[in-house]
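Colleague: Can you keep this structure in mind? I'll have questions shortly.
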Amino acid sequence: MTEQLPPTTALAESEAVTLTSELIRIDTTNTGDPDTLVGERAAAEYVAEKLAEVGYETTYVESGGPGRGNVIVRLAGQDPSRGALLVHGHLDVVPADAAEWSVHPFSGAVQDDYVWGRGAVDMKDMVAMTLAVARRLKRDGITPKRDIIFAFLADEEAGGQYGAQWLVDNRPELFEGATEAISEVGGFSITVKDGVRAYLIETAEKGIAWMTLRVRGRAGHGSMVHEDNAVTKLTEAVARLGRHRFPLVLTDSVREFLAGITEITGIQFDEDDLEGSVAKLGNIARMIGATLRDTANPTMLNAGYKSNVIPSVAEATVDCRILPGRQEAFERELDEILGPDVEREWLNLRAVETTFDGPLVDHMTRAIVAEDPGAKTLPYMLSGGTDAKSFAQLGIRCFGYAPLKLPADLDFSALFHGVDERVPIDALKFGTRVLDRFLRDC
């Protein structure tokens, strides 16, 4: 028999919808440029106020720059000798062009059974669900089985250098005793066969290397014959890199995901045509396909200052995503592709990976199945990155677990950083109930 949740959980469900909408209305656009970003202070102060209302003692920290607000609270558990659970979420969002949207991206519109706006799935939905459950636990005097640290953070969208990474480097005591963590881009459902839903729990994520390529040449007049042109040499190297296909590699997390899908659906994943087999997965195929190999996608070019001047320096930006265990091999391939004349520097955030086992995973599964009987849970690898990269440096075992029960026809992965980002209201309420069960019992 499914355990009945107390009436106060219904209040948390309603709050999660309101909080999501109100958080979206607070513009926390992170351009990555200190001169143009908005900062997270207003959202952090909003979160701190909501936590203080129910009795939490909040810690507000600005991480390495004005306005880069973070809020951390700890809820004491029954057994302080157990490792604490960290529940973290970021307050910043990527930019949005209002001219492209059906609603204003910072309206937080609640319509057509969705909450709309930038951050609706990345990740003010999870921030709101976490905040609603944290308030419910404190308001109702519920003591969880272990300490829970709630952290609401800045700068994830630009790599966390002014958020999680700064806190790990400068304020690690805020996370003292934490052994496991949950955060974004996991726990959401995909409908795989005959209405059966599989909830994907993130156990791994690719490394990120935001790389600047630089080539130097001899400056000169644009009208002259010129054999040492930095722009020419750079664009040739960028074209080689952009066309290069890195080898297919089946990591443990991806292999276990594919085995689980085979068990549920009967789909076989032929390693001789792995990408063709993965394409059968529908909307989720893009996300899974991106975890089969390393990628290096050129995204920006910068050279010159006048049409008739050959510049001495040309630069390109490349977004690299690297599978766990592939860092050294990836760098060797870069050396071969780019050659000796191309300088490179990068912000390098290493891949993280853990196993899909243990009591915490069991609690995640039980909380989902209690709300969606017959559901399955599977591990998967995220092609992007999260603040888990920073917290893993403290020895914390990190998972993506932001539970959402999604409509079968919703292309969820396309909403991340996309136009008309939105989250179903029913999914928010479902996720709040799941998190409530999970945090009380884990």
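Colleague: May I ask you to list the residues in the range 353-405 that are under 26 Å from GLN161 (Cα atoms), in a loop (DSSP other than H, G, I, E, B) and at pLDDT 95 or above?
Modeller: THR354, THR386, ASP387, GLY395, ILE396, TYR401, ALA402
Colleague: Could I ask something else about it? Cβ-Cβ below 9 Å, separation at least six or inter-chain, first residue in the range 284-299 and over 15 Å from LEU248 (Cβ atoms), second of a type in the set (S, T, N, Q): which pairs?
Modeller: ILE284/SER413; ARG286/SER383; ARG286/SER413; MET287/SER383; MET287/SER413; PRO298/THR317; THR299/THR317
Colleague: If I go through the range 276-303 residue by residue, how many of them are part of a helix (DSSP H, G or I), of a type outside the set (Ser, Thr, Tyr) and surrounded by 13 or more Cβ atoms within 10 Å (Cβ to Cβ)?
Modeller: Narrowing the range 276-303 to residues part of a helix (DSSP H, G or I): 276-289.
Filter once more, so that each one left must be of a type outside the set (Ser, Thr, Tyr): 276, 278-289.
Subset that is surrounded by 13 or more Cβ atoms within 10 Å (Cβ to Cβ): 278-279, 281-289.
Adding up the residues that qualify gives 11.
Colleague: So which of ALA198, ALA237 ends up being buried (at least 17 other Cβ atoms within 10 Å of the Cβ) and outside any helix (DSSP H, G or I)? Talk me through it step by step, then tell me what you get.
Modeller: Values: ALA237 fails: outside any helix (DSSP H, G or I).
Step by step, each of ALA198, ALA237 is checked, and only ALA198 is buried (at least 17 other Cβ atoms within 10 Å of the Cβ) and outside any helix (DSSP H, G or I).
Colleague: When the range 27-68 is examined, which residues are found to be modelled with pLDDT of 95 or more, aliphatic (A, V, I, L, M) and outside any strand (DSSP E or B)?
Modeller: Matches in the range 27-68: ALA42, ALA43, ALA44, VAL47, ALA48, LEU51, ALA52, VAL54.
Colleague: So, one more: Considering only the range 394-413, I want to know if a residue exists there that is under 27 Å from VAL352 (Cα atoms), touching a strand residue (DSSP E or B) at 6+ places or on another chain (Cβ under 6 Å), hydroxyl-bearing (Ser, Thr, Tyr) and assigned by TED's automatic domain parsing to the domain that holds THR130.
Modeller: There is at least one residue in the range 394-413 that is under 27 Å from VAL352 (Cα atoms), touching a strand residue (DSSP E or B) at 6+ places or on another chain (Cβ under 6 Å), hydroxyl-bearing (Ser, Thr, Tyr) and assigned by TED's automatic domain parsing to the domain that holds THR130.
Let's see how each residue does on (1) outside the structural domain of PRO311 (by TED's automatic domain parsing); (2) free of Cβ contacts under 8 Å to residues at least 24 places away in the same chain; (3) in contact with a helix residue (DSSP H, G or I) (Cβ under 7 Å, 6 or more places away or on another chain):
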| site | (1), (2), (3) |
| --- | --- |
| ALA158 | yes, no, no |
| GLN161 | yes, no, no |
| ALA164 | yes, no, yes |
| ASN170 | yes, no, no |
| SER189 | yes, no, no |
| ASP194 | yes, yes, no |
| LEU213 | no, no, yes |
| GLY220 | no, no, no |
| HIS226 | no, no, no |
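Colleague: Okay, next question. Anything in the range 332-387 that is of a type in the set (A, V, I, L, M) and over 18 Å from the mean Cα position of the chain (by Cα)? List them, or say none. Reasoning before the result, please.
Modeller: Within the range 332-387, the first condition is being of a type in the set (A, V, I, L, M), and the residues that meet it are 334, 337-338, 342, 347, 349, 351-352, 360-361, 364, 367-370, 375, 378, 381-382.
Matches in the range 332-387: LEU334, ILE337, LEU338, VAL342, LEU360, VAL361, MET364, ALA367, ILE368, VAL369, ALA370, ALA375.
Colleague: Go over the candidates PHE438, PHE399, PHE430 one by one and state the one that is in contact with a His (Cβ under 8 Å, 6 or more places away or on another chain), among the aromatic types (Phe, Trp, Tyr) and within 18 Å of LYS376 (Cβ to Cβ). Spell out how you get there, then give the answer.
Modeller: Working: PHE399 fails: in contact with a His (Cβ under 8 Å, 6 or more places away or on another chain); PHE430 fails: in contact with a His (Cβ under 8 Å, 6 or more places away or on another chain).
After applying the criteria, what remains is PHE438.
Colleague: Give GLY163, GLY195 a once-over and let me know the one that is farther than 27 Å from PRO66 by Cα and of a type outside the set (A, V, I, L, M).
Modeller: On the way: GLY163 fails: farther than 27 Å from PRO66 by Cα.
Every option except GLY195 fails the conditions.
Colleague: Give the residues of the range 406-421 that are touching a Leu at 6+ places or on another chain (Cβ under 8 Å) and modelled with pLDDT under 95, sorted by residue number. Break it down stepwise before answering.
Modeller: Going through the range 406-421, the residues touching a Leu at 6+ places or on another chain (Cβ under 8 Å) turn out to be 412, 421.
Selection gives PHE412 alone.
Colleague: Also: Scanning for something within 26 Å of ASP294 (Cβ to Cβ) and touching a strand residue (DSSP E or B) at 6+ places or on another chain (Cβ under 9 Å), does the range 169-179 turn up at least one residue?
Modeller: First, the residues of the range 169-179 that are within 26 Å of ASP294 (Cβ to Cβ): none.
No, the range 169-179 contains no residue that is within 26 Å of ASP294 (Cβ to Cβ) and touching a strand residue (DSSP E or B) at 6+ places or on another chain (Cβ under 9 Å).
Colleague: Does the range 406-440 hold any residues that are of a type in the set (A, V, I, L, M, F, W, C), crowded, with 17+ Cβ neighbours inside 10 Å and assigned to a loop (DSSP other than H, G, I, E, B), and which are they?
Modeller: Of everything in the range 406-440, those that are of a type in the set (A, V, I, L, M, F, W, C), crowded, with 17+ Cβ neighbours inside 10 Å and assigned to a loop (DSSP other than H, G, I, E, B) turn out to be LEU406, LEU410.
Colleague: Looking only at the range 85-99, count every residue that is hydrophobic (A, V, I, L, M, F, W, C), in contact with a Ser or Thr (Cβ under 7 Å, 6 or more places away or on another chain) and either outside any loop (DSSP other than H, G, I, E, B) or under 17 Å from GLU180 (Cα atoms) (or both) and tell me the total. Steps first, please.
Modeller: Our first condition is that a residue be hydrophobic (A, V, I, L, M, F, W, C); within the range 85-99, this holds for 85-87, 91, 93-94, 96, 98-99.
After this cut, where a residue has to be in contact with a Ser or Thr (Cβ under 7 Å, 6 or more places away or on another chain) as well, the list is 87, 91, 93.
Add one more test, that the residue is either outside any loop (DSSP other than H, G, I, E, B) or under 17 Å from GLU180 (Cα atoms) (or both), and what stays is 87, 93.
Final tally of qualifying residues: 2.
Colleague: Something else about it: Within the range 342-352, is even one residue free of Cβ contacts under 8 Å to residues at least 40 places away in the same chain, over 19 Å from LYS405 (Cα atoms) and either in contact with a strand residue (DSSP E or B) (Cβ under 6 Å, 6 or more places away or on another chain) or not in a helix (DSSP H, G or I) (or both)? Quick ask: steps written out before the conclusion?
Modeller: Taking the range 342-352 as the starting set, the residues that turn out to be free of Cβ contacts under 8 Å to residues at least 40 places away in the same chain are none.
The answer is no, given that none of the residues of the range 342-352 is free of Cβ contacts under 8 Å to residues at least 40 places away in the same chain, over 19 Å from LYS405 (Cα atoms) and either in contact with a strand residue (DSSP E or B) (Cβ under 6 Å, 6 or more places away or on another chain) or not in a helix (DSSP H, G or I) (or both).
Colleague: If you take the residues in the range 342-371 that are among the acidic types (Asp, Glu) and surrounded by 15 or more Cβ atoms within 10 Å (Cβ to Cβ), which one is nearest to ASP441 (Cα to Cα)?
Modeller: Here is the first cut: in the range 342-371, the residues among the acidic types (Asp, Glu) are 343, 345, 353, 357, 362, 371.
Adding the requirement that they be surrounded by 15 or more Cβ atoms within 10 Å (Cβ to Cβ) leaves 353, 371.
On the way: GLU353: 24, GLU371: 15 Å.
Restricting to residues being among the acidic types (Asp, Glu) and surrounded by 15 or more Cβ atoms within 10 Å (Cβ to Cβ), the top hit is GLU371.
Colleague: For the range 372-399, how many residues meet the condition of being surrounded by fewer than 19 Cβ atoms within 10 Å (Cβ to Cβ) and among the acidic types (Asp, Glu)?
Modeller: Number satisfying all stated conditions: 1.
Colleague: I need the full set of residues from the range 108-134 which are under 19 Å from SER183 (Cβ atoms) and of a type in the set (D, E, K, R), in order please. Before you say what the answer is, go through the steps one by one.
Modeller: Just the residues of the range 108-134 that are under 19 Å from SER183 (Cβ atoms), to begin with: 118-134.
Listed by number, the residues that qualify are ARG118, ASP122, LYS124, ASP125.
The values are calculated or read from the model by the stated rules, or taken from the named source; none is laboratory data. From a predicted model like this one, the values you see are computed outputs, not experimental measurements. We place every Cβ from the backbone using ideal geometry, glycine too, and count neighbours over all the protein chains shown.
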